[in-house]
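**Q** Please find one structure pasted underneath; my questions will follow.
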């Protein structure tokens, strides 16, 4: 079966996020003063095969821990969807 | 009222995504051969004030068009949530 997985990798709340700060500053210069904070993360969309949702979840969790997220400074979570094709 | 908005910016399907290709290659080297494709996007989390959901939606859409997404090569969408605080 084919699955579509969306992995969200975000800086941990305690970690400084200079990119997010830069985005917030740019938004303020454009007049969006209502923005209190911006934080920048990554969205990784994966298309992959697998036997079922549980098997895919275990594999993707491993991918996150081994490659996609740096757990010292980042949190991750993901959503699995059966692909249409 | 305070809102938490999550903006997802992804490369358009027709656009080459070398970063995503690099991620897919790395996953393959680690033995995750079931991965067919990886695409890399941005996740921007905003905390901001606003009168209501409609007003926030209009403002964030404008922010995406003016700063957060490059519509020539990227698509964007966002989710709005009322903040707990």
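Values quoted throughout were computed directly from the atomic coordinates according to the rules given, and no laboratory measurement underlies them. Keep in mind the model is a prediction, meaning the values are calculated, not measured. With ideal geometry, Cβ positions are generated from the backbone for all residues, glycine too; neighbour counts draw on all protein chains shown.
**Q** For residue A:21, which inter-copy label distances result when the label point lies 7 Å beyond Cα on the Cα-to-Cβ vector, reported in nm to one decimal and in ascending order?
**A** 3.5
**Q** Continuing with the same structure: What's the center-to-center distance, using Cα atoms, between the stretch B:33-53 and the stretch A:1-73 in Å?
**A** Centre-to-centre distance over Cα atoms comes out at 7 Å.
**Q** Which residue in A is nearest the A/B rotation axis when you measure from the C-beta atom, and what is the distance in Å?
**A** Residue nearest the A-to-B axis, with distance in whole Å: A:43, 2.
**Q** By how many degrees, between 0 and 90 and to the nearest 10, does the Cα long axis of helix B:18-29 differ from the longest principal axis of chain B?
**A** Value to nearest ten degrees: 50.
**Q** So what is the calculated 222 nm ellipticity per residue for chain B, using -39500 (n - 2.57) for each DSSP H run with n of 4 or more, over all residues, to the nearest 500 deg cm²/dmol?
**A** After summing the helix terms and dividing by the residues of chain B, the value is -8500 deg cm²/dmol.
**Q** Note the per residue figure in Å³ for the convex hull of the C-alpha positions in the protein assembly as shown. It would help to have the intermediate numbers written out before the result.
**A** Working: hull volume 21.9 nm³, N = 170.
Each residue corresponds to 129 Å³ of Cα convex hull volume.
**Q** Cα axis of helix B:53-63 to longest principal axis of chain B: angle in degrees, 0 to 90, nearest 10?
**A** That helix lies at roughly 50 degrees to the long axis.
**Q** Across peptide A:46-54, how many C-beta atoms of other chains are within 10 Å of each residue C-beta, on average? Could you put the intermediate results ahead of the total?
**A** Numbers: counts 11, 7, 9, 4, 1, 1, 0, 0, 0.
Average per residue, whole number: 4.
**Q** Separate question: If you take the Cα Rg of the stretch A:2-82 and divide it by 2.2 N^0.38 Å, with N the number of residues, what do you get?
**A** The value comes to 1.36.
**Q** Shortest first and in nm to one decimal, what separations exist between residue A:61 and its copies in the other chains, measuring from label points 7 Å along the Cα-to-beta-carbon line?
**A** 3.9
**Q** Distance in nm between label sites at residue B:33 and residue A:36, each 7 Å beyond Cα in the beta-carbon direction?
**A** With each label point 7 Å from Cα toward Cβ, the separation is 5.1 nm.
**Q** Another question, then. Given the options A:62, A:45, A:34, state which has the largest fluctuation in a GNM of chain A using a 10 Å cut-off (strictly under) for Cα springs.
**A** In the Gaussian network model the winner is A:34.
**Q** Could you compute the FRET efficiency for residue B:58 and residue A:83, with r as their C-beta to C-beta distance and R0 at 30 Å, rounded to 0.05?
**A** Details: r = 33 Å, r/R0 = 1.10.
Plugging the Cβ-Cβ distance into 1/(1 + (r/R0)^6) gives 0.35.
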